[in-house]
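A short worksheet on the structure shown next.
The values are calculated or read from the model by the stated rules, or taken from the named source; none is laboratory data. None of these values were measured; they are calculated from a predicted model. Note that each Cβ is placed from the backbone with ideal geometry, even for glycine, and that neighbours are counted across all protein chains shown. Surface areas here come from the heavy atoms of the whole protein model, side chains and all, with no ligands, DNA or RNA. Shrake-Rupley method; radii C 1.70, N 1.55, O 1.52, S 1.80 Å.
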Amino acid sequence: MISLAGRDILHAWGKFVFTGVGLGLLIGVTLTMAGVYRGMVDDAKVLLDNSGADLWVVQQGTLGPYAESSSLYDDTWRSILGAAGVLRAANVTYLTMQVRRGERDVRAMVVGIVAGEPGQPGQPGFLVAGRHITRSHYEAVADLASGFQLGDRIQIRRNHYTVVGLTRRMVSSGGDPMIFIPLRDAQAAQFLKDNDAIVRQRARTAANPAFGAPNVLDAVLASQGSNPYVNAVLVQIEPGHDPEAVAEPLRRWKRLTVYTRQQMEEILIGKLIATSSKQIGMFLVILAIVSAAIVAFIIYTLTLGKIREIAVLKLIGTRNRTIAGMILQQAIGLGLIGFVVGKIAATFWAPFFPKYVLLETGDALRGFIAVVVICILASVLAIRAALKVDPAEAIGG
Amino acid sequence: MAERHIQGIRIEGLRKRYGEGDTAVDALKGVDMQVAPGEVVGLIGPSGSGKSTLLKCLGAVIEPSAGRMTLGQEVIYDDGWQIGDLRALRRDNIGFVFQAPYLIPFLDVTDNVALLPMLAGRSNSESRRRALELLEALDVAHRARAMPSELSGGEQQRVAIARALVNRPPVILADEPTAPLDSERALAVIRILNQMAQQFSTAIIVVTHDEKIIPTFRRIYHIRDGRTHEEAGEAKSLE
């Protein structure tokens with residue numbers, strides 16, 4: 001038996017191909033939306049992977065440092081380093097801001113790290129060009145996605161930094177490129193006031209009679225001029241130790257909140273990007289409905305255009321299931337053309353998106369199955385219309 | 001139903017009523033008709049006389065209200081269908097030729113004709129062989145690979161006739177087959193139908209208004225107000 005659907009598609013290939021391309025672009029958008037979500041999850045995991053930490057020690061009762069603000073004294077790391085099972089501990093600060101270079105500015109996550117100690121948690125894992133930060137001030141390592149080059153002079157708050165190294169895939173959970181600077185500079189950047197505010201604060205403190213005792217005013221002013229806080233202490237544990245077993249004494253005795261890698265991943269994916277993922281989920285549902293409506297409309301219209309032929313087919317003895325099969329195969333054929341076009345389109349345009357778009361094979365397979373299911377459902381209307389056709393219509397009268 | 005056992009068609013007291021009660025309309029009020037194998041008869045009548053209804057009843061497309069229809073030795077309707085699978089009855093025993101050819105636009109000429117035997121379960125090669133034989137007999141074999149849109153009106157109608165004949169049905173119902181054709185082509189179609197009726201022992205009923213072809217029939221059934229009466233035709237030569 002010849003394939004009626006195949007012959008019809010070949011006969012009207014232009015109509016099918018152009019419709020398929022239109023549908024394919026819609027499927028491409030759907031696959032890309034799924035890729036955006038996967039990219040966000042991957043960014044979150046990369047953030048955790050690249051931090052090089054096994055434990056995140058943060059302010060008690062917070063979900064810091066990525067999902068909530070968290071402040072710890074910058075000497076806390078010393079006592080953590082002494083805990084059983086801890087191999088390394090390092091302070092880190094995170095500050096999302098606009099980083100300027102000349103007239104241009106880039107949204108970036110500025111990470112304060114302890115300079116000169118590659119391998120410490122929080123350091124960029126690898127460099128694609130240049131070197132690590134070795135000086136205590138005014139050097140930076142930037143992610144390639146920031147667009148900065150080696151030797152560029154960038155401005156963070158009032159200070160200028162020289163880009164001495166470039167790294168890759170070091171991004172925040174929101175996909176912003178990271179820029180690493182020395183910890184002290186980052187601490188200052190977080191709380192730095194303008195000169196007028198500093199002068200006014202000093203005058204106000206000096207006018208307070210409570211600070212009148214010898215040396216007290218100087219001590220108070222000195223404390224106001226510096227920032228002793230960091231956002232978190234990143235901890236690497238010794239090989240063979242259970243992260244939870246190392247974390248538990250820190251929670252109990254240091255009165256701090258400690259997250260393991262798994263807990264931090266749950267915070268990032270389950271809380272930080274939860275709303276975004278729901279947003280994308282809604283888009284996917286809407287796009288699926290729109291795709292189904294388009295396929296249904298196209299197949300229904302194509303079927304209505306063949307009512308007379310269908311009546312003739314029924315009159316000459318064609319089974320209903322043969323006619324239904326023809327319409328179903330055409331719908332699936334249209335879906336296949338659309339899927340191939342959509343997959344190619346998504347693969348082509350994904351690298352041009354400003355945020356990371358991760359197109360996973362599993363999503364493509366799920367998308368393919370969804371397209372087939374949608375096409376089957378969408379063809380129901382047309383099949384019903386075709387099966388209602390009275391063979392007597394071929395005779396007329 | 002084995003095709004060799006079916007010869008001609010006989011209709012006795014066929015009635016068809018549309019609707020019920022006060023609004024009921026009797027489209028056929030007791031039609032009697034008989035067409036022998038190899039015979040081509042005309043069925044003529046004014047609009048609304050019941051021609052299309054009779055054709056649909058004969059074609060097993062709608063169910064008559066009463067009466068009896070016999071295909072060869074087999075009674076197919078006797079105040080109710082006696083055949084379970086009407087679709088198979090149409091496919092294997094009744095050929096249709098329409099006013100417009102209604103060829104399937106996405107199949108080439110050969111496959112338009114071969115589709116019927118394929119639907120009947122014959123192999124593609126056997127079906128195409130049968131189709132080509134008929135196309136040869138109807139002098140359109142040279143257009144075997146053409147699409148319907150590439151054919152002239154006369155060629156399309158010949159392909160439609162080939163399609164109606166390909167399963168060797170005992171009966172062909174032709175609904176105004178010459179309406180869109182000029183005199184020469186109309187007479188050519190009737191000539192072909194007569195040849196095929198003789199060659200395949202097929203009973204052919206031609207519904208027509210066409211004054212050009214009415215004189216060519218040996219027998220004519222007039223239908224008026226749902227009743228038929230038979231008269232002898234002129235049997236004008238087709239040569």
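Brief remarks follow.
- Judged by the gyration tensor of its Cα atoms, with axes a ≥ b ≥ c, the stretch A:167-233 is prolate; a/c meets the 1.5 cut and a/b is the larger of a/b and b/c.
- Note, ³J(HN,Hα) from phi for the stretch B:142-154, Karplus 6.51, -1.76, 1.60, rounded to Hz, x at Gly and Pro: 5, 9, 4, 9, 6, 8, x, 5, 8, 9, 6, x, x
- Helix A:13-51 axis, angle to chain A major axis (alpha carbon atoms, nearest 10°): 20
- Antiparallel bridge percentage (DSSP; both residues within the protein assembly as shown; nearest 5): 70
- Three-way shape label, chain A, alpha-carbon gyration tensor, a/c 1.5: prolate
- Note on chain B: Cα convex hull, mean projected area over all directions, 12.8 nm².
- DSSP finds beta bridges in chain B, and of those with both partners inside it, around 60 percent are antiparallel.
- Residues in the stretch A:1-21 that, when all protein chains are in place, have 50 Å² or more less accessible area than the chain alone would give (probe 1.4 Å): A:M1, A:I2, A:R7, A:H11
- Label point at A:N208 placed 7 Å out along Cα→Cβ; residues across the stretch A:171-191 whose backbone nitrogen lies under 20 Å: A:191
- Think of a 1.4 Å ball rolled over the protein heavy atoms: the stretch B:69-223 then has 35 Å² of accessible area per residue.
- Reachable lysines from B:K236, criterion Cα separation under 27 angstrom, eight or more residues apart if same chain: B:K51, B:K212
- Total accessible area lost when B and A pair, probe 1.4 Å, Å² to nearest 100: 2400
- Size descriptor for the stretch A:111-258, Kirkwood hydrodynamic radius: 18.1 Å (Cα pairs only, one decimal).
- Mean-square fluctuations from a GNM of chain A, with a 10 angstrom spring cutoff on Cα atoms, peak among A:D218, A:D176, A:D75 at A:D218.
- Efficiency of FRET from Cβ geometry, A:R252 and A:S223, R₀ 25 Å, rounded to 0.05: 0.25
- Qualifying lysines (Cα of each under 21 Å from Cα of A:K271; at least 8 residues distant if same chain): A:K45, A:K355
- For the stretch A:206-295, the solvent-accessible area works out to 57 Å² per residue, with a probe of 1.4 Å and every protein chain left in place.
- Whole-number accessible area per residue in Å² for the stretch A:1-50, which is evaluated in the context of all protein chains at 1.4 Å: 40
- Gyration tensor verdict on the stretch A:192-310 (Cα atoms; rounded if a/c is under 1.5, prolate if a/b is larger than b/c, oblate otherwise): oblate
- Helix B:183-200 and the longest principal axis of the Cα set of chain B meet at an angle near 90°.
- Extension gain (nm, one decimal) between A:R100 and A:L192, 0.36 nm per residue minus Cα-Cα: 31.4 nm
- The stretch B:1-153, relative contact order in percent, only Cα pairs under 8 angstrom and at least six apart counted: 19
- Anchor A:K314: lysines whose Cα lies under 18 Å away (excluding residues fewer than 8 positions away in-chain): A:K306, A:K388, B:K56
- Across the stretch A:91-100, rounded Karplus estimates of 3J(HN,Hα) from the backbone phi angles (6.51 cos²θ - 1.76 cosθ + 1.60, θ = phi - 60°) give 6, 8, 10, 10, 8, 8, 7, 8, 9, 9 Hz, Gly and Pro being marked x.
- Those residues of the stretch B:115-129 for which accessible area with every protein chain present is at least 10 Å² below the isolated value (1.4 Å probe): B:L115, B:L116, B:M118, B:L119, B:N124, B:R128
- Fraction in percent of alpha-carbon pairs per bin - 10 Å, the stretch A:225-282: 18, 36, 26, 17, 3
- Extension gain from B:V75 to B:R10, taking 0.36 nm per residue of separation minus the Cα-Cα distance: 22.5 nm
- Shielding by partners, peptide B:61-74 (average Cβ within 10 angstrom, other chains): 1
- Inter-chain neighbour count for A:316-329: the average number of beta-carbon atoms from partner chains within 10 Å of each residue's beta-carbon is 3.
- With a Förster radius of 56 Å applied to the C-beta separation of B:V25 and A:V285, the computed FRET efficiency comes to 0.60.
- Peptide B:104-110, shielding by other chains (average Cβ, 10 Å cutoff): 5
- Calculated mean residue ellipticity at 222 nm for the protein assembly as shown: -14000 deg cm²/dmol, from DSSP H runs with n ≥ 4 weighted as -39500 (n - 2.57), summed, divided by the residue count and rounded to 500.
- Interchain or long-range residues, amide H under 5 Å from B:F98's placed H: B:D175
- Estimated inter-spin distance, A:E68 and A:F348, nm [label 7 Å along Cα→Cβ]: 4.8
- Distance between the 7 Å Cα→Cβ label points at A:D242 and A:H137: 4.8 nm.
- Rounded to the nearest 10 degrees, the inclination of helix A:243-254 to the longest alpha-carbon principal axis of chain A is 40 degrees.
- Here the stretch B:3-232 has 43 percent of its accessible surface on carbon and sulfur atoms, given a 1.4 Å probe and all protein chains in place.
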